[in-house]
1. Being more than 16 Å from ligand 1 (Cβ to nearest atom), under 21 Å from residue 173 (Cα atoms) and assigned to a loop (DSSP other than H, G, I, E, B) is the filter; apply it to segment 206-254 and report the residue that is nearest to the chain's Cα centre (by Cα).
2. Tell me, which residue of segment 51-70 that is surrounded by fewer than 20 Cβ atoms within 10 Å (Cβ to Cβ) and closer than 12 Å to residue 34 by Cβ is nearest to the chain's Cα centre (by Cα)?
3. May I ask you to say which residue of 108, 89, 77, 84 is free of Cβ contacts under 8 Å to residues at least 24 places away in the same chain and either closer than 23 Å to residue 155 by Cα or surrounded by 12 or more Cβ atoms within 10 Å (Cβ to Cβ) (or both)?
4. Across segment 157-203, which residue is farthest from the chain's Cα centre (by Cα) among those that are surrounded by fewer than 13 Cβ atoms within 10 Å (Cβ to Cβ) and more than 23 Å from residue 67 (Cα to Cα)?
5. If residue 257 satisfies every condition in (1) surrounded by 12 or more Cβ atoms within 10 Å (Cβ to Cβ); (2) modelled with pLDDT of 90 or more; (3) more than 16 Å from ligand 1 (Cβ to nearest atom) but one, which is the exception?
6. For segment 115-136, does any single residue satisfy the condition of being free of Cβ contacts under 8 Å to residues at least 40 places away in the same chain, buried (at least 18 other Cβ atoms within 10 Å of the Cβ) and over 30 Å from residue 194 (Cα atoms)?
7. If a residue must be part of a loop (DSSP other than H, G, I, E, B), within 12 Å of ligand 2 (Cβ to nearest atom) and under 25 Å from residue 147 (Cβ atoms), how many such residues does segment 169-205 contain?
8. Just the residues that are free of Cβ contacts under 8 Å to residues at least 12 places away in the same chain and either farther than 19 Å from residue 199 by Cβ or surrounded by 11 or more Cβ atoms within 10 Å (Cβ to Cβ) (or both), please, taken from segment 228-247.
Ligand SMILES: Nc1ncnc2c1ncn2[C@@H]1O[C@H](COP(=O)(O)OP(=O)(O)OP(=O)(O)O)[C@@H](O)[C@H]1O
Ligand SMILES: [Mg+2]
């Protein structure tokens with residue numbers, strides 16, 4: 001196959017190119033459900049982590065994807081009922097990678113156009129036995145872009161140190177964007193970094209409904225460290241509005257504006273929506 005990576009490329013990368021070792025080959029899957037990759041016998045299953053970016057060298061296209069699952073498989077299901085004695089390292093070596101092996105599940109996300117070297121939406125899957133390798137900094141930069149005037153460095157992907165992710169803030173503000181994740185995985189921290197970039201580079205005006213005081217003046221990490229909020233970072237560009245001055249003062253936050261609702265602004269429909277929110281307080285205007 002012409003586009004598979006030569007072993008020599010790993011040891012002697014071509015100028016401007018860093019190549020990673022082949023991790024496995026595509027053995028099945030689909031575009032909607034993701035691809036099944038059988039790991040090479042020299043790829044240790046415990047080194048494969050969910051969330052890492054990989055590149056799949058198809059015959060006509062290069063695919064960019066993310067590892068979504070890691071699993072153990074075998075060629076003979078009997079082995080699950082009668083596990084062999086692998087105290088002998090020689091036997092362990094024979095079993096590992098041949099009779100039992102690791103697999104991973106990869107969600108294809110983009111196709112990298114080989115000629116234009118730009119990312120396109122993924123509409124197909126790579127052929128059987130296409131090579132899979134970890135994405136390099138060059139691959140990630142082709143997708144997100146290098147750090148420059150418009151691209152803002154937001155951090156590194158999980159388990160991929162030295163692979164910076166630089167997001168095009170202008171494009172982010174043109175689209176509907178969400179930050180999703182399990183509780184405690186860093187959603188608020190990442191959102192604060194994105195908002196900092198937008199404010200710093202003046203790409204958009206942000207109206208933030210900060211229900212949990214995640215962005216305004218100061219935030220405490222789970223380990224108790226104090227982290228600066230947007231007001232401390234960009235004092236002249238950020239205004240804090242509060243509905244509850246007492247709560248702000250309790251947290252040593254000096255709000256720029258106190259919002260007071262007049263009784264006449266509140267309709268029965270509003271009360272219907274908020275009826276389950278017992279602790280909502282209104283101030284009567286003079
Ligand atoms: N980029 C980061 N740098 C340093 N620490 C971080 C970073 N991201 C997350 N953390 C740590 O992880 C903790 C949880 O992060 P964060 O509050 O952003 O999670 P969350 O997904 O918003 O959680 P929740 O679902 O509870 O709102 C933080 O208190 C902090 O200790
Ligand atoms: Mg949060």
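1. 206
2. 66
3. Numbers: 108 fails: free of Cβ contacts under 8 Å to residues at least 24 places away in the same chain; 89 fails: either closer than 23 Å to residue 155 by Cα or surrounded by 12 or more Cβ atoms within 10 Å (Cβ to Cβ) (or both); 77 fails: either closer than 23 Å to residue 155 by Cα or surrounded by 12 or more Cβ atoms within 10 Å (Cβ to Cβ) (or both).
Of 108, 89, 77, 84, the one residue that is free of Cβ contacts under 8 Å to residues at least 24 places away in the same chain and either closer than 23 Å to residue 155 by Cα or surrounded by 12 or more Cβ atoms within 10 Å (Cβ to Cβ) (or both) is 84.
4. Step by step, filter segment 157-203, then rank; the result is 202.
5. For residue 257, the exception is condition (1).
6. No: segment 115-136 contains no residue that is free of Cβ contacts under 8 Å to residues at least 40 places away in the same chain, buried (at least 18 other Cβ atoms within 10 Å of the Cβ) and over 30 Å from residue 194 (Cα atoms).
7. Final tally of qualifying residues: 5.
8. 228, 246, 247
The values are calculated or read from the model by the stated rules, or taken from the named source; none is laboratory data. Quantities reported herein were computed from a predicted structural model and do not represent experimental measurements. Quick reminder, even Gly has a Cβ in these numbers, built from the backbone with ideal geometry, and neighbours come from all protein chains shown.
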